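Contents: one structure, followed by commentary.
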Amino acid sequence: MPAALTVTNLSKQYNHNLVVDDVSYSLHRGEAVGLLGANGAGKSTMIKSILGLVRPSRGTIIHPELSPAYLPELPQLPTSLSALALLRFKCSALGLDSALAEECLMEVNLSKKAYKQPIKQYSKGMRQRTALALTLCGNPMLVCLDEPMSGLDALGRVEILNLLKEKKKQGAAFLMSSHIVPDMVQLCDRVLIMAHGRICEDVLIQEHSLEEAMALEGKLALWTTT
Ligand SMILES: Nc1ncnc2c1ncn2[C@@H]1O[C@H](COP(=O)(O)OP(=O)(O)OP(=O)(O)O)[C@@H](O)[C@H]1O
């Protein structure tokens, strides 16, 4: 099966600061890969390079998707629109039936009474659910998520993890950056530990268990203190 994403010898330098340093990995359909590392390790820069938002200094990025779906770390939503209007707009841009807009909002469990309210009246978690619905609308096959659980309460995190697991089962490939290790372990099949722009370790996740999350926290601590 062809890879959903292949990154080869990717580097990004800002002036004299090498923030992504000769990184290579691939991601297959139905696979989720996590990016774990301290603040400034280069996770967001790597994701933005894949999306073409940052021009790499060196290396190649290959994916069959015309434009991968993206949830930015700080989603900017048009706050005068309602979630429903926004999702209808996205459906029509993708050539999909606008009736799907409501389904997308139901998937992320946005409260029904918020559907027609302007986004400026939403809480942080409601905005995050709307941004996730927008990202997942149309069932994209390659999805880059930067801190997807940001602002979600405990139940919301479980709901969204279950949704992402379901999309993964349907064949979507995920590249996800997060600081919440137990969430990452639940979804991801591999976790790349990053420090100073490099991949220090590629950790296989087999059981998706709390024990694996604790072991991963330990490995992360080792790499971020050296
Ligand atoms: N536009 C830019 N110009 C110059 N330096 C930048 C730019 N964007 C990011 N950097 C630098 O690149 C490095 C990596 O940043 P990046 O945002 O990729 O880190 P991160 O791992 O996503 O961190 P966090 O966990 O805090 O989100 C940091 O040192 C940051 O200051």
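Laboratory data are not the source of any read-out in this text; all were calculated from the coordinates shown. Values in this document were obtained by computation on a predicted structure and should not be read as measured data. Note: ideal-geometry Cβ built from the backbone for every residue, glycine included; neighbour counts use all protein chains shown.
Given 0.36 nm per residue, what is the gain on full extension from Ser123 to Gln170 after removing their alpha carbon distance, in nm?
Extra length available between Ser123 and Gln170 comes to 13.9 nm.
Obtain the nm distance between the two label points defined at Arg58 and Asp202 by a simple spin-label model: each point lies 7 Å from its Cα along the Cα-to-C-beta direction.
1.9
Output needed for the range 120-226: three equivalent-ellipsoid semi-axes, defined as square roots of 5 times the C-alpha gyration tensor eigenvalues, in descending order, whole Å.
Semi-axes (√(5λ), whole Å): 25, 16, 14.
With springs only between Cα atoms under 10 Å apart, run a GNM on the chain and tell me which of Asn39, Asn109, Asn15 wobbles the most.
Asn15
Roughly how big is the chain's charge dipole about its Cα centre, with Cβ charges of +1 (Lys, Arg) and -1 (Asp, Glu), in debye to the nearest 20?
The dipole of the chain has a size of about 820 debye.
Counting other C-beta atoms within 10 Å, and keeping those with at most 12, which DSSP coil trypsin sites (Lys or Arg not before Pro) do you find in the range 55-147?
Answer by residue number: Lys116.
Can you tell me which lysines have their Cα less than 24 Å from the Cα of Lys167? Leave out same-chain residues fewer than eight positions away.
Lys43, Lys48, Lys90, Lys112, Lys124
Using a Förster distance of 41 Å, how high is the FRET efficiency between Leu210 and Ser111, based on the Cβ-Cβ distance and rounded to 0.05?
0.85
Once you have a ≥ b ≥ c as the square roots of the Cα gyration tensor eigenvalues for the range 75-139, tell me rounded if a/c is under 1.5, and otherwise prolate or oblate according to whether a/b is larger than b/c.
It is prolate, given that a/c is not under 1.5 and a/b is the larger ratio.
Pop a pseudo-label 7 angstrom from the Cα along the beta-carbon direction at both Val158 and Leu77 and give the gap in nm to one decimal.
That separation, rounded to one decimal, is 2.3 nm.
³J(HN,Hα) across the range 24-33 via Karplus (A = 6.51, B = -1.76, C = 1.60, θ = phi - 60°), whole Hz, x for Gly/Pro?
Values, residue by residue: 9, 6, 9, 9, 9, 4, x, 10, 10, 10 Hz.
In terms of the ratio Rg/(2.2 N^0.38 Å) built on C-alpha atoms, what value belongs to the chain?
Dividing the Cα Rg of the chain by 2.2 N^0.38 Å gives 1.01.
With Rg and the Kirkwood Rh both taken from Cα atoms, where does Rg over Rh land for the range 179-223?
0.93
Please arrange Met126, Met214 by how many other C-beta atoms lie within 10 Å of their C-beta, fewest to most.
Fewest-to-most Cβ neighbours within 10 Å comes out as Met214, Met126.
Considering the range 1-74, what Rg and Dmax in Å follow from its alpha-carbon atoms?
Radius of gyration, then largest Cα-Cα span, for the range 1-74: 12.2, 39 Å.
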